[in-house]
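One structure below.
Laboratory data are not the source of any read-out in this text; all were calculated from the coordinates shown. Since this is a predicted model, take the numbers as computed values, not measurements. Cβ atoms come from the backbone with ideal geometry, glycine included; neighbour counts cover every protein chain shown.
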Amino acid sequence: MRVIGINGSPRIIGNTSTALNIVLDELEKEGIETEHIQLFSRELLACNACMSCSLRGDGRCINENDALNEYLDKILEADGIILASPVYYGNMTSMMKIFLERIGLPSKYANNQLRRKVGAVIAVQGRQGGLSVHGDLVNFLLENQMVVCPSSGCVVVTAEKPSDLDKDKLGIRLLQDQGREMAWLLQALRRNDD
């Protein structure tokens, strides 16, 4: 089994990356292979609504000049994905929004190819806005008919400054729980398929 973690923060080593790694570490403890993708490390162009994906129907974006199709291939090979974004001006980062738009349309026009993958979300807020971002990310998963991983609470952690995540003890417990619950769900679904 394999899970891809998508980090929508421009900070390679920041609170969102740390939060995502906490979840990925729990998955690895359960023997699940993981990969952490930093969206800001490669170029992603905005969707221009050319709708070529609706004509092609092959689940790929016609624009081959950036990393999107490479990311999409990795997600399609995986059993689950985790979407992690900090809160910027009350919303997810622009790069995360671009990413979701660019994988959403080709996937939808390829018979909802993300359907039944397990998805989880993490929102990292400075002071507020985390619930809104969390909701938007969950809505993306539901729109794509993905199985939303349960947790013991809404996975919104608070960390305003670098290294502040350590201060949010409840948030860290939620992240660990998210990893354990995702591992359980993936394993349960695998057993059901056998």
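Below are the figures for this structure:
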| quantity | calculated |
| --- | --- |
| For region 2-193, size of Cβ-based charge dipole, Lys and Arg +1, Asp and Glu -1, in debye | 320 |
| Förster radius 45 Å - calculated FRET efficiency between A67 and R191, Cβ distance, rounded to 0.05 | 0.85 |
| Where labels lie 7 Å past Cα in the beta-carbon direction, separation of S132 and S94 in nm | 1.7 |
| Alpha carbon centroid spacing (whole Å) that separates region 128-194 from region 12-28 | 11 |
| Contour excess over end-to-end distance, with Cα ends at E28 and N48 and 0.36 nm allotted per residue | 3.5 nm |
| Shape category assigned to region 18-66 from the gyration tensor of Cα positions, a/c cut at 1.5 | prolate |
| Among G119, G135, G179, residue whose mean-square fluctuation peaks in a GNM of the chain (springs only between Cα atoms under 10 Å) | G135 |
| Cα-based Kirkwood hydrodynamic radius, region 24-141, one decimal, Å | 15.1 |
| Neighbourhood net charge (10 Å Cβ-Cβ; Lys/Arg +1, Asp/Glu -1) for K74 | -3 |
| Residue-count net charge about V118 - beta-carbon cut-off 12 Å; Lys, Arg +1, Asp, Glu -1 | +3 |
| Nearest-20 debye value, region 95-194 charge dipole, Cβ charges on Lys, Arg, Asp, Glu | 140 |
| Set K74/K97; K29/K169; K29/K117; K29/K108; K97/K161 screened for pairs whose C-alpha atoms are more than 25 Å apart | K29/K108 |
| Mean Cα-pair separation over length for region 8-106, i.e. relative contact order, pairs under 8 Å, 6 or more apart, % | 38 |
| Among A49, A78, A159: highest mean-square fluctuation, GNM of the chain, C-alpha pairs under 10 Å | A49 |
| Sites Q145 and I13 - FRET efficiency at Förster radius 41 Å, r taken between beta-carbons, to 0.05 | 0.75 |
| Prolate/oblate/rounded label for region 108-194 (Cα gyration tensor, a/c 1.5) | oblate |
| Average Cα contact separation per residue, region 2-193, under 8 Å, 6 or more apart, as relative contact order % | 25 |
